[in-house]
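The values are calculated or read from the model by the stated rules, or taken from the named source; none is laboratory data. Computed from a predicted model, the values in this text were never measured in an experiment. Heads up, the Cβs are rebuilt from the backbone with ideal geometry, glycines too, and the neighbour counts pull from every protein chain shown.
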Amino acid sequence: MSALALEIDQTMQQLDAATASRLERLVRDALALVKPVAAAGSVGRQGIRFPLVQGAKPITSEDVARLQDEV
């Protein structure tokens with residue numbers, strides 16, 4: 001198990017049900033952002049489609065660099 005997965009699991013166990021549910025939703029949304037989805041009507045071609053998230057802030061180049069460093 002990765003360090004991140006372990007940290008998420010430990011944090012989830014310490015939270016109340018409502019907060020844990022919100023964290024789980026955030027993690028699932030983040031996973032959905034990186035999983036490729038077949039574009040509607042395309043044949044033999046896959047692309048990544050990103051859902052619109054109301055109230056989300058734009059991702060900066062610094063955010064991208066930080067995430068790449070974490071991988």
Report summary line: In region 5-34, anything in contact (Cβ under 8 Å) with a residue 12 or more places away in the chain and under 15 Å from the mean Cα position of the chain (by Cα) is listed as Ile8, Leu23, Glu24, Val27, Asp29, Ala32, Leu33, Val34
Query - Leading residue by the ranking (nearest to Leu4 (Cα to Cα)) among those in region 25-46 that are surrounded by 10 or more Cβ atoms within 10 Å (Cβ to Cβ) and at pLDDT below 75 - result: Val37
Report summary line: Taking region 1-15 and keeping only residues that are over 12 Å from Val27 (Cα atoms) and in a helix (DSSP H, G or I), one is left with Ala3, Leu6, Glu7, Gln10, Thr11, Gln13, Gln14
